[in-house]
Amino acid sequence: MIESNAVSSPAGAPAVEVRGLSHAFDAPGGGLAVLSAVDLAIAPGEFVSLVGPSGCGKTTLLRAVAGLLAPSTGGVEVLGGTPRQAQRAHAYGLVAQDPGLLPWRSVHDNVRLGLELTGRQADVPALLGRVGLGGFERYRPGELSGGMRQRAALARALVHGPRLLLMDEPFGALDELSREAMRVELLRLWEAERITVLFVTHAVREAVLLSDRVVVMSPRPGRIVADIPVPLARPRSEASEDTPEFLALVARVRASLHAAHGSARAASTPGDAL
Ligand SMILES: Nc1ncnc2c1ncn2[C@@H]1O[C@H](COP(=O)(O)OP(=O)(O)O)[C@@H](O)[C@H]1O
Ligand SMILES: [Mg+2]
């Protein structure tokens, strides 16, 4: 186990709590409403996926949780403090679709970069081993496959021993085989360490396989239209995807997505920006 982080949340309190969050961006011709009255609580150790159509505000919601965006209205609490406090304390790790590694630094030195900024210590080679990059410490990002670069980004997100991982379509740019391998790795890691995870994806099967709960959002302005528990046994593997329970859950998530999409289309006006 890696050293745990300083920010502590009161016993029983959610790791993430979003209350009445709405957000609009300034846009030519008026504000662009992106999120509408979002309420979401994630318990410590829980794995929650957020699924919704492209442009519905998933990244915006994640950025609000990460303290990178101040919502127009509503509140967010992360690990018992404000998102900015969590950000400053490196209490969460963030993995986005683009690994964002420095091309001139080795994998080891990319992961170590965060430690250089804070002066903290961690066993970087051991961490790289945990994400399946043992032996590749000295490689540069350009010498790795897309999947390996995403593993390096995951190691970088874990280097401060966060209790919360925010993942924004982290496997979106990977080919199907790398994506499957990453899912299995992430499951293994989560089973071992039970970090709280908020995972954004638009891949329904992926959300069901990984999560304790799948939260479904409507098209923009994103609202939560369903919160579906996933009671499948753990540990899970690709074999879990062949069970009737799995397929029924996938169908349920899809039905919620389609229902929300249909009602949003019916309600939209001709001038509505896409
Ligand atoms: N910084 C920004 N300024 C203005 N509009 C933005 C900004 N970020 C996102 N948007 C708009 O907000 C909407 C939701 O974006 P986003 O949260 O990225 O959606 P998703 O991640 O679900 O695809 C989109 O219409 C997008 O154009
Ligand atoms: Mg996004």
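The values are calculated or read from the model by the stated rules, or taken from the named source; none is laboratory data. What you are looking at is a predicted structure, and each value in this text was computed from that prediction instead of being measured. When we count neighbours, we look across all protein chains shown, and the Cβ atoms used for this are built from the backbone with ideal geometry, even at glycine. Surface accessibility is based on the protein's heavy atoms, side chains included, excluding ligands, DNA and RNA. Shrake-Rupley method; radii C 1.70, N 1.55, O 1.52, S 1.80 Å.
Within segment 71-107, which residues are within 14 Å of V38 (Cα to Cα) and open to solvent by 30 Å² or more (accessible area, probe 1.4 Å)? Scanning segment 71-107 gives P71, S72, T73, G74, E77. Residues considered: D175, D168, D123. Of these, the only one that is of a type in the set (D, E, K, R) and within 16 Å of ligand 2 (Cβ to nearest atom) is D168.
Look through E116, E137, E185 and report the one residue that is part of a loop (DSSP other than H, G, I, E, B) and either farther than 24 Å from P53 by Cα or of a type in the set (S, T, Y) (or both). Walk me through how you get there before you give the answer.
Numbers: E116 fails: part of a loop (DSSP other than H, G, I, E, B); E185 fails: part of a loop (DSSP other than H, G, I, E, B).
Result: E137 is the single residue among E116, E137, E185 that is part of a loop (DSSP other than H, G, I, E, B) and either farther than 24 Å from P53 by Cα or of a type in the set (S, T, Y) (or both).
Can you tell me which residue among A251, A207, A255 is under 15 Å from the mean Cα position of the chain (by Cα), at pLDDT 95 or above and either in a helix (DSSP H, G or I) or farther than 20 Å from L164 by Cα (or both)? Show your work before the answer.
Values: A251 fails: under 15 Å from the mean Cα position of the chain (by Cα); A255 fails: under 15 Å from the mean Cα position of the chain (by Cα).
None of the other options fit; the residue is A207.
Number of residues in segment 203-212 that are open to solvent by 10 Å² or more (accessible area, probe 1.4 Å) and away from ligand 1 (no atom under 16 Å from the Cβ) equals 2. Here Q121 meets each of (1) closer than 25 Å to L21 by Cβ; (2) open to solvent by 40 Å² or more (accessible area, probe 1.4 Å); (3) at pLDDT below 95 with one exception, condition (1). Restricting the first member to segment 169-182 and to residues that are within 19 Å of L50 (Cα to Cα), and the second to residues that are open to solvent by 40 Å² or more (accessible area, probe 1.4 Å) and modelled with pLDDT under 90, the beta-carbon pairs closer than 6 Å and six or more apart or on different chains are E169/Q97; G172/Q97; A173/Q97.
Residue pairs whose Cβ atoms lie under 9 Å apart, separated by 6 or more positions or on different chains, with the first residue in segment 97-126 and at positive phi and the second surrounded by 14 or more Cβ atoms within 10 Å (Cβ to Cβ), are G100/A153; G100/R156.
Conditions tested, residue by residue: (1) more than 10 Å from ligand 1 (Cβ to nearest atom); (2) open to solvent by less than 60 Å² (accessible area, probe 1.4 Å); (3) within 21 Å of R213 (Cβ to Cβ); (4) within 19 Å of the chain's Cα centre (by Cα).
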site	(1), (2), (3), (4)
G12	yes, no, yes, no
G20	yes, yes, yes, no
G29	yes, no, no, no
S36	yes, yes, yes, no
G45	yes, yes, yes, yes
G52	no, yes, yes, yes
G55	no, yes, no, yes
T59	no, no, yes, yes
A64	no, yes, yes, yes
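For every residue, the table says whether it meets (1) modelled with pLDDT under 95; (2) of a type outside the set (S, T, N, Q).
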site: G45; (1), (2): no, yes
site: T59; (1), (2): no, no
site: L68; (1), (2): no, yes
site: H90; (1), (2): yes, yes
site: V95; (1), (2): no, yes
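Per the listing G67, G75, the residue uniquely without any contact (Cβ under 8 Å) to a residue 24 or more places away in the chain, more than 30 Å from Y139 (Cα to Cα) and among the small types (G, A, S) is G67. Scanning segment 149-202 for residues that are small (G, A, S), within 16 Å of ligand 1 (Cβ to nearest atom) and open to solvent by 50 Å² or more (accessible area, probe 1.4 Å) returns a single hit, A173.
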